[in-house]
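Every number here is computed from the coordinates shown, using simple stated rules; none is lab data. Predicted, not measured: the structure shown is a model, and the values here were computed from it. Note: ideal-geometry Cβ built from the backbone for every residue, glycine included; neighbour counts use all protein chains shown.
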Amino acid sequence: MTFKTIAIALAVGSLAGGAALVASYGSSAADKSGIPYRDGEYETVEAPEGSPLSELISGYYFRTPETRELQDDDFMNPAFIWMEQGAELWSTVEGEAGESCASCHEDVEASMKGVGASYPKYHEASGKLINLEQRINLCRTESMQAEPWKWESDELLGMTAYVRHQSKGMPVNVSIEGPAAPFFEKGKDFYYQRRGQLDMACATCHEVNYGMYIRADLLSQGQSNGFPTYRLKWQKLGSLHRRFRGCNRQVRAVPYANGSDEYVNLELYLAWRGQGLPVETPAVRQ
Ligand code: HEC
Ligand code: HEC
């Protein structure tokens, strides 16, 4: 191995634990790492107008061959255990109204195609921005008169992944105009706000320093196109808000609640930062 390792002092000050951000560059073709981003063998998507990124790159290209292999093969991808549960729940009658999702939405492939790529979305009746989990639970409580599923429950994760999977390969396509605009602005402010004991913003890691190592982790652009995502660390499918909570904790900030307005707004801003990236749900990450 002849990687040249360059330590780069983090502009914002030191990271706890004395960790520095380190970039490694292969010095010849023979030094391929198997990580597409490092090997320069990744796909990019043109950034939307006004984006601070010069190009959009899925987190997929920052991961090892082993991790990507799990995502590429539907039979090996552990997330499919939850997806199968979602498929079963789609036609399960529950609640006072005596309906299942299928009673109203019928064939999932037809009715849900493209839907998951367009969330979060402005919801007229409540005057709020809602994400896919919340939209599904609205159908549970209002249309089915059933109990809402708990956040991070196997049921809600499975159904969210199942619905979003119907958009796999389609470009992320959220609306940030009209009534969605004020929520987008709040999400953007959150993204750039420094927080926690380490005083770092999302942008510090995912905009300024992507491609660098933070401890053993190769920083990506922090895109959301693969969620819900199976994480090897979690040994479980997990929501985007769970990931937000983890990233907040990394800088020793107090995380917000799953499903909080703050995180739904952030989710819209983040979706727009990945506008045009293909939906990968369910992705696999380290
Ligand atoms: C009694 C009928 C009914 C049932 C049962 C029902 N829904 Fe819905 N669903 C609706 C209606 C009505 C809408 C709103 C359509 C709109 O606003 O365009 C909707 C919207 C949605 C949307 C958003 C679609 C979009 O284009 O934004 C999703 C996702 C969804 N439902 C999922 C589910 C799931 C999952 C279940 C089962 C857990 C379910 N629904 C059960 C009637 C139902
Ligand atoms: C101290 C650095 C750091 C900060 C600050 C940080 N993250 Fe992360 N984040 C990581 C690391 C490390 C990972 C795992 C490797 C990767 O994909 O970058 C990660 C992963 C992610 C992912 C998953 C990407 C994928 O492809 O699955 C998302 C989404 C994300 N972060 C969003 C955020 C948001 C939003 C914020 C601000 C609230 C934030 N992060 C703040 C370090 C950070």
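Quick notes on this structure:
- Listed values for region 150-166 are Karplus-derived 3J(HN,Hα) couplings in whole Hz (6.51 cos²θ - 1.76 cosθ + 1.60, θ = phi - 60°), namely 6, 4, 6, 6, 4, 5, 5, 5, x, 6, 4, 5, 5, 5, 5, 4, 5, and x replaces Gly and Pro.
- Rounded, prolate or oblate (a/c below 1.5 giving rounded, otherwise prolate when a/b exceeds b/c) for region 80-165 by Cα gyration tensor: rounded
- Our estimate of slack between Ile214 and Asp154, defined as 0.36 nm per intervening residue step minus the Cα-Cα distance, is 18.5 nm.
- Label-point separation in nm, Glu66 to Ser111, each point 7 Å along Cα→Cβ: 4.2 nm
- Net charge in the neighbourhood of Val251 (other residues with Cβ under 15 Å of its Cβ; Lys, Arg +1, Asp, Glu -1) is +4.
- Taking a ≥ b ≥ c as the square roots of the eigenvalues of the Cα gyration tensor, an a/c ratio of 1.5 or more together with a/b no larger than b/c marks region 233-276 as oblate.
- Cα→Cβ-extended label distance, 7 Å offset, between Glu43 and Cys104, nm: 3.4 nm
- Under Karplus coefficients 6.51, -1.76 and 1.60, residue-wise ³J(HN,Hα) of region 62-77 in Hz, glycine/proline x: 9, 10, 6, x, 5, 5, 5, 4, 4, 6, 5, 10, 4, 7, 8, 5
- Residues whose amide H falls under 5 Å from that of Leu277, counting only those 5 or more places apart or on a different chain, are Val172, with hydrogens built in the peptide plane.
- 28 Å Cα-Cα reach of Lys128 towards lysines, excluding residues that sit fewer than 8 places from it in its own chain: Lys113, Lys150, Lys168, Lys186, Lys188
- Under-5 Å amide H pairs with Leu129, H placed in peptide plane, nonlocal only: His123
- Set the Cα radius of gyration of the chain against 2.2 N^0.38 Å, with N its number of residues, and you get 1.03.
- Share of pairwise Cα separations in region 154-272, more than 20 Å, in percent: 46 percent
- Total charge dipole magnitude, the chain, about the Cα centre, Cβ charges on Lys, Arg, Asp, Glu only, Debye to nearest 20: 1340 debye
- Relative contact order for the chain: 24 percent, from Cα pairs under 8 Å spaced at least 6 residues apart, divided by residue count.
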